[in-house]
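Visitor: Got a structure for you, written out below as structure tokens; questions coming shortly.
What follows draws every value from the coordinates through simple rules; no lab data is involved. No experiment lies behind these values; they were computed from the predicted model shown. FYI the Cβ positions are ideal-geometry reconstructions off the backbone, even for glycines, and counts take in every protein chain you see.
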Amino acid sequence: MRYKKRRHAAVNKNEQKVLRRGREAQGGSPLGEIYPGVSRLTLKLRFLSQRQEVVSEQTRDYGPADAVDFSCACPGSCGVGKFDLTEMIQTRIAAHEPSAEVNMPCKAESFGSPAPCGYSLQCGIEVRYSIPDPAAPFSA
Ligand SMILES: [Zn+2]
């Protein structure tokens, strides 16, 4: 895509935009673009049933170049529930926390019944920062 370059700059904004658009089509922006101060992000997902039994486990490990996806489908009886970790992660990273543990219930209803799904997601978040302090007075 070099021929699209209009200006010579260390970081060309247009090129970034083109890159981002391409990645979004595939499902997400790279970690380094969303959180430039993060060198590694690890999510340990554990889905729990109504009886607090572990239904499935998943580990997601992201480097700066990896496209991230902070949402996951609920494996419960709802069939439609989605857990969105975007805000949780955003908050933790803004606070520069190295690790956190969050727990969120599925908000959807069970399939064919008004009862709540009952499944929940337990997520361990581990963040490695490439800069010692964010020092970003204008962020968010
Ligand atoms: Zn559910």
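Visitor: Of all residues in segment 52-83, count the ones that are within 13 Å of the ligand (Cβ to nearest atom), of a type in the set (A, V, I, L, M) and in a strand (DSSP E or B).
Guide: Counting residues in segment 52-83 that are within 13 Å of the ligand (Cβ to nearest atom), of a type in the set (A, V, I, L, M) and in a strand (DSSP E or B) gives 2.
Visitor: If the requirement is being closer than 16 Å to LEU31 by Cβ and of a type outside the set (Phe, Trp, Tyr), which of these qualifies: GLU53, GLU126? If you could, list the steps in order and put the result at the bottom.
Guide: On the way: GLU53 fails: closer than 16 Å to LEU31 by Cβ.
That would be GLU126, the only listed residue that is closer than 16 Å to LEU31 by Cβ and of a type outside the set (Phe, Trp, Tyr).
Visitor: So ARG46 fits all but one of (1) closer than 12 Å to GLN122 by Cβ; (2) away from the ligand (no atom under 13 Å from the Cβ); (3) free of Cβ contacts under 8 Å to residues at least 60 places away in the same chain; what number is the exception?
Guide: So ARG46 meets the others, but not (3).
Visitor: Out of the residues in segment 35-67 that are in contact with a helix residue (DSSP H, G or I) (Cβ under 7 Å, 6 or more places away or on another chain) and of a type in the set (Gly, Ala, Ser), state the one that is surrounded by the fewest Cβ atoms within 10 Å (Cβ to Cβ). Give the steps one after another, and end with the answer.
Guide: Looking only at segment 35-67, we keep the residues that are in contact with a helix residue (DSSP H, G or I) (Cβ under 7 Å, 6 or more places away or on another chain), and these are 35, 38, 41, 62-67.
Narrowing the set further to residues that are of a type in the set (Gly, Ala, Ser) leaves 63, 65, 67.
Working: GLY63: 13, ALA65: 9, ALA67: 15.
For segment 35-67, the residue satisfying everything is ALA65.
Visitor: Taking only segment 67-95 into account, find how many residues are farther than 16 Å from LEU31 by Cβ and not hydroxyl-bearing (Ser, Thr, Tyr).
Guide: Keep residues of segment 67-95 that are farther than 16 Å from LEU31 by Cβ, which gives 72-84, 87, 91, 95.
Those left that are additionally not hydroxyl-bearing (Ser, Thr, Tyr): 72-76, 78-84, 87, 95.
Of the residues in segment 67-95, 14 are farther than 16 Å from LEU31 by Cβ and not hydroxyl-bearing (Ser, Thr, Tyr).
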